[in-house]
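For reference, the structure discussed in these notes is given below.
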Amino acid sequence: LGKPVPNERKDKFVGTSRYASPYVQMYTQSARRDDMYSLVYTMVNVFNIHPLPWQDLSGDKDERADRTVHLKRRLTPQQVCKGCPPCLALIYAHVMQIPFEARPPYELFRQLIDLDLAPPARKVARK
């Protein structure tokens, strides 16, 4: 695999704030951990009957962006993943601890997802 990119400050944010990591929204270089933030936010949006806490904010674009980053940094995994399978809050808690240059524990995340979401027959077959 290739080497991680250096952690550099960017001039602007490019992406969808609903799914972007707080780090990317604060103009840092995206890394593998930021992809995991986006995956969790997407999964929460798919599984949850509630919108993401920052999804329906009012105000102008800059105000919404600032409040979105604030909420992403302040809310607990349980608050963000409310109403979702428990594995999402566990994965999100891990993602929040991943340093910029680290490789996320993908196999652990797969196992957590399997424990919550795999059909019973598949769970038995994997043992």
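The values are calculated or read from the model by the stated rules, or taken from the named source; none is laboratory data. Values in this document were obtained by computation on a predicted structure and should not be read as measured data. Note that we place each Cβ from the backbone using ideal geometry, even for glycine, and neighbour counts take in every protein chain shown. Ligands, DNA and RNA are excluded from the accessible area calculation, which covers all protein heavy atoms including side chains. Shrake-Rupley method; radii C 1.70, N 1.55, O 1.52, S 1.80 Å.
Worth pointing out:
- Each listed q (0.15 Å⁻¹) maps to a log10 I(q)/I(0) for segment 1-99 from the Debye sum over equal C-alpha point scatterers, namely -0.59.
- Accessible surface computed residue by residue for segment 12-127, with neighbouring protein chains in place and a 1.4 Å probe, gives 60 Å² per residue.
- Shape call, segment 45-89: gyration tensor on alpha carbons, a/c limit 1.5: oblate
- Lysine pairs in the chain with Cα atoms under 20 Å, if 8 or more residues apart or on separate chains: 6
- Structure-based [θ]222 nm, the chain - -39500 (n - 2.57) summed over DSSP H runs of at least 4, per residue, nearest 500: -15000 deg cm²/dmol
- Counting 0.36 nm for each residue step from residue 108 to residue 26 and taking away their Cα separation leaves a gain of 26.7 nm.
- Highest-fluctuation residue, 75, 88, 52 considered, GNM on the chain with Cα pairs under 10 Å: 75
- One chain, two ends: residue 62 and residue 49. Fully extended at 0.36 nm per residue, the span grows by 2.0 nm beyond their Cα-Cα distance.
- Sulfur and carbon atoms: percent of accessible area, the chain [1.4 Å]: 55 percent
- Shown is the FRET efficiency for residue 78 and residue 16, computed with R0 = 22 Å from the Cβ-Cβ distance and rounded to the nearest 0.05: 0.40.
- Here the peptides 15-23, 104-112, 35-43 are ranked by packing, the mean other Cβ count within 10 Å, and the order with the highest first is 35-43, 15-23, 104-112.
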